[in-house]
Each structure stands twice: as C-alpha cells, then as structure tokens.
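Data block below; observations after.
No lab work stands behind these numbers, since they all come straight from the coordinates. Not measured: the values here are computed from a predicted model. All Cβ positions, glycine included, derive from the backbone under ideal geometry; neighbour counts span all protein chains shown.
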Amino acid sequence: MDVTPTRVRFLGSGDAFGSGGRFQACIHVRTGDSSVLLDCGASSLIAMRRFGVEPNEIDAILISHLHGDHFGGIPFFILDGQFLSKRDRPLFIGGPPGIEARVRQAQEALFAGSSQTQQNYELRFLEWTDRHPMTMGGISVTPFEVVHASGAPPFALRLELDGKTIAYSGDTEWTNALIDAAQGADLFICEANFYDKKIKFHLDYVTLAARRGELRCKRLVLTHMNAEMLEHLPSLDVEAAEDGTEIAL
C-alpha cells in the first residue's frame, strides 16, 4: 500500500530582519490528511504565493510565540480567506495565552475595523498549556515552554503525525526543555540566530553544536539565521534550511 510521506517545506526561513533576502518564519507541514503552518510571520502570505501553497488547504496555524516575524502574517491570512480565497471551512489558530487578543490588536493596527468583521468561515483560537497535548488539524501538538521575551509565554512545539515526530524550537535561548521537545524526533527544526554570540533569548550555532548529542533527534535542520550565521554556513558541517527547502519524512 502506498503511504503518502509527511512533507515539510520552509516557506520562510529568515530572521525578523529578512537577512539573506529570506521570508520570515513560516513552515508548511503536510500529511495525507492534514496541512498546517508552523508560525506565520508577516511575509508568510507572500511566501505561500511564491511557493504555490493554497491558503484554503491550511487546516491550522500553530504559533510558537507572539513576535511579528512569527505571527504577524495572520491578519493578512484572515483577510485573504474572507475576500480572495473565499474560505468556507474552519481555521484553527493555536498559540500562547493571549493569542486571540494579540491577533485582534494586530488586525486593528493594520486594517482598522477588520477585527470586528464576521468571517464567512469559523475562526477558532486555542491556547497552549505547557506540556499538555492538543489535537489541531488532525495533528497532535505538545508545547514546551522555552525562554524568549515576547509578552506571553513562548513555546517549542512537538508534532505527532502519521507515525512521525517533528519538533520546532521557535525562538529561545538554550533551555533543557529543548531536550524534551526534540527527544527521538524524526526532524528537529531549530533556530540558530547567531554564530557564536551569546545573546539573551536566542540560540547560537556554537552552543547548539556543543549540546547536539543531548537532543537525541534523528535529524537537525537550522533556520532563523542572521547575516553572520549565513556567511558561516558554507564552512559548517550542518544542515540548514533555505526558503523553498522541502523535506520528506
């Protein structure tokens, strides 16, 4: 019997500042039955159009933390569903406590009055609780609280789908919660914002490389890299994402 592989596509692999000309954080995870986004940075709808991902195919958007380069694309996504893509099925948005209020504030800041518009489709917000699994879009999601100042608790996310496990760090400095989130994962997607600078709330490659063995994941792919980190990539023995990179599991 043919089994459709789980596919992971990096629609945006950049940092907040578009280093290297990359789109902001947005990762498309697709199985035979489910299609979700891991984060939805401000440039995500553009990235989806660039790489041929139909917004109406997305069952859920899973947000790691409430910074604009990780959730700022949601107001555009909601409007697209209302006026362009003509969405007619539910959209689930999971994120840190306060996710709905922050999205509504962003809607008002970007498109005044839009937060009060009744969508033609069901829009449902759900909040993460540390280490409590939740099913969204047919995928089991377990959040692990990490360390990144963003006005609400930030989370790494562990997805269980079709017998595969995908872990995603979001943005964080080193924390042992990453060990639990990544343990045994078929794929761990991890930020490496800096090469060797120790900057609070973010990971650097040197620290991550030194602790690689503790993660016990089968495959590690780096993302969310600044310009200096991108310059170092050719000399490093490490797998790193680019916009458009696709992985089959």
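Couple of notes before you dig in:
- By the count of other C-beta atoms within 10 Å, a proxy for reagent exposure, T165, T245, T223 are ordered fewest to most as T245, T165, T223.
- The range 162-249, relative contact order [Cα under 8 Å, separation at least 6], %: 28
- Amide proton proximity set for V147, modelled H, under 5 Å, gap of 5+: E173
- Of the two radii for the range 7-234, the radius of gyration is 0.95 times the Kirkwood radius, both from the alpha carbons; that is the Rg over Rh value.
- Between E239 and L222, the built amide H atoms are under 5 Å apart, and every one of these is 5 or more places off in sequence or on another chain.
- Summed side-chain charge close to R131 - residues other than R131 whose Cβ falls under 10 Å, Lys, Arg +1, Asp, Glu -1: -2
- Using the Cβ of G73 as centre and a radius below 11 Å, the other residues enclosed give a net charge of -3, where K and R count +1 and D and E count -1.
- Between the helical axis of 99-110 and the longest alpha-carbon principal axis of the chain there is an angle of about 70 degrees.
- Rel. contact order, % - alpha carbon contacts under 8 angstrom, at least six apart, the chain: 18
- As a rough footprinting exposure proxy, the listed residues D237, D80, D180, D204 were ranked by other beta carbons within 10 Å of their own, and the order from fewest upward is D237, D180, D80, D204.
- ³J(HN,Hα) computed for each position of the range 176-192 - Karplus, 6.51 cos²θ - 1.76 cosθ + 1.60, integer Hz, glycine/proline x: 5, 4, 5, 4, 5, 5, 8, 3, x, 5, 5, 8, 10, 9, 10, 5, 9
- HN-Hα J in Hz across the range 230-240 - Karplus 6.51, -1.76, 1.60, θ = phi - 60°, x for Gly and Pro: 4, 5, 7, 3, x, 9, 9, 8, 8, 8, 9
- Stokes-Einstein diffusion coefficient of the range 173-249, Kirkwood radius over Cα pairs, 4 °C, 1.567 mPa s, in µm²/s: 101
- Two-decimal log10 I(q)/I(0) for the range 67-151, as the Debye equation yields it once each C-alpha is a single scatterer, q = 0.13, 0.21 Å⁻¹: -0.46, -1.10
- The range 38-151 - percent relative contact order, Cα under 8 Å, separation 6 or more: 25
- The range 77-86 - phi-based ³J(HN,Hα) in whole Hz, Karplus 6.51/-1.76/1.60, Gly and Pro as x: 4, 5, 5, 4, x, 6, 10, 10, 7, 6
- Each Lys and Arg contributes +1 and each Asp and Glu -1, all at the Cβ; summed about the Cα centre of the range 7-234, the dipole is approximately 320 debye.
- Among the chymotrypsin sites (Phe, Trp or Tyr not before Pro) in the range 11-120, those located in a DSSP loop and surrounded by at most 15 other Cβ atoms within 10 Å of their own Cβ are F17, F111.
- Sorting 228-236, 4-12 by average packing, meaning the other beta carbons within 10 Å per residue, from highest down gives 4-12, 228-236.
- Charge-dipole axis of the range 85-176 as Lys and Arg at +1 and Asp and Glu at -1 on Cβ define it, positive-most pick from Q119, P133, G95: Q119
- Only DSSP H runs of four or more residues enter the estimate; each adds -39500 (n - 2.57), and after division by the residues of the chain the mean residue ellipticity at 222 nm equals -5000 deg cm²/dmol.
- Within the chain, DSSP assigns beta bridges of which about 55% are antiparallel (rounded to the nearest 5).
- Proxy reagent accessibility, fewest Cβ within 10 Å first, across V147, V221: V147, V221
- Our estimate of slack between N56 and K200, defined as 0.36 nm per intervening residue step minus the Cα-Cα distance, is 48.1 nm.
- Over the range 120-249, the pair-distance histogram of Cα-Cα distances with 5 Å bins from zero comes to 2, 10, 20, 22, 19, 15, 7, 3, 1, 0, 0 percent, rounded to whole numbers.
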